[in-house]
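Note sheet for the following structure.
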Amino acid sequence: MGPKIMFTKVVKAQLWVYLRPVQHTSTVYLQILRLKPVTDEGSRHIRIRSLKIELNSRAGHWQSIDFKHVLQNWFKQPHNNWGIEINAFDPNGNDLAVTSLGPGAEGLHPFMELRVLENNKRSRRNLGLDCDEHSTESRCCRYPLTVDFEAFGWDWIIAPKRYKANYCSGQCEYMFMQKYPHTHLVQQANPRGSAGPCCTPTKMSPINMLYFNDKQQIIYGKIPGMVVDRCGCS
C-alpha cells in the first residue's frame with residue numbers, strides 16, 4: 001500500500017474474488033484469513049470474514065466482500081499487515097477461489113476497488129475560466145458535467161461508476177483565450193468565409209478504469225482524453 005493512500009480517507013473498499021464455475025448448484029464457504037507471524041502458540045491464520053454463497057453459475061462468478069474496516073485497521077496498525085489468504089471450498093473440499101496467476105487465470109486474480117478522499121493542498125495556476133450552472137459568464141468557460149455509467153446501463157464497467165468529465169461552452173471574443181496565434185490570423189484573413197474560433201478543450205487528462213471484457217476477465221487501463229481540465233478558443 002503506497003504512502004499516498006495510507007494518509008487518505010477510505011470511503012469504500014471492496015475486495016473482488018473470482019470463483020471458478022460449478023457444474024451443479026453448490027454451497028460455497030468463502031473465507032478471508034489474516035496472516036500473522038509463525039509462533040509456538042499455534043495457527044498463523046485469523047479469520048476476519050466468512051461468507052456462505054449459493055453458486056449455480058457454469059460461467060464463473062465474481063464475488064465482492066466489504067473490506068473497508070479491515071483496511072482501516074491496517075492503516076492504524078500497518079506493522080500487523082502480513083497479508084491475507086483467500087479460499088472458497090465447495091462440499092467436496094475443492095477450492096474455487098482463483099488466487100494465483102496460473103494458466104487460464106489472466107484477468108481473474110483478486111483485486112481491491114478503493115474509493116478515497118485526498119487532501120490536496122497544492123494550488124495550481126488556472127489559465128481557463130471555470131463556471132457552473134448559475135454563472136452568467138458568456139465567454140468560453142469550463143462547466144461541470146458528471147457522467148454516470150450506471151444511468152447508461154453500462155454494467156460491464158466496474159469502476160468508476162461515475163466521474164467528472166466537464167465540458168466547454170461559451171463565446172470566443174476577439175483574442176480571448178485563443179490557444180494559438182494561428183487562430184487569430186485565420187480569423188483576420190478569413191479565407192472563404194471561415195468560421196471564427198470555437199470554445200473547445202485545450203487540456204485533457206485520462207482516467208483509470210476497471211471493466212469486464214467479453215470473456216468476463218477484469219481489464220485495467222488508462223483511458224486518455226476523458227476529463228476536460230481547461231477550455232480555450234481555437
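Values in this text are rule-based calculations from the coordinates and carry no lab data. All values derive from a computational prediction rather than experimental measurement. Heads up, the Cβs are rebuilt from the backbone with ideal geometry, glycines too, and the neighbour counts pull from every protein chain shown.
For this structure, a couple of remarks:
- Extension gain, Tyr167-Gln72: 0.36 nm per intervening residue step, less the Cα-Cα distance, totals 30.6 nm.
- Efficiency of FRET between Leu117 and Asn92 - r from beta-carbon atoms, R0 45 angstrom, step 0.05: 0.50
- Residue-span extension gain [Cys198 to His79] - 0.36 nm each, minus C-alpha spacing: 37.3 nm
- Shape box of region 10-117 [Cα atoms, principal axes, largest first, Å]: 42, 41, 27
- Point-charge dipole on Cβ atoms (K/R +1, D/E -1) for region 10-117, about Cα centre, debye to 20: 340
- Inter-site label distance for Gln23 and Lys222 at 7 Å from Cα along Cβ, in nm: 4.6
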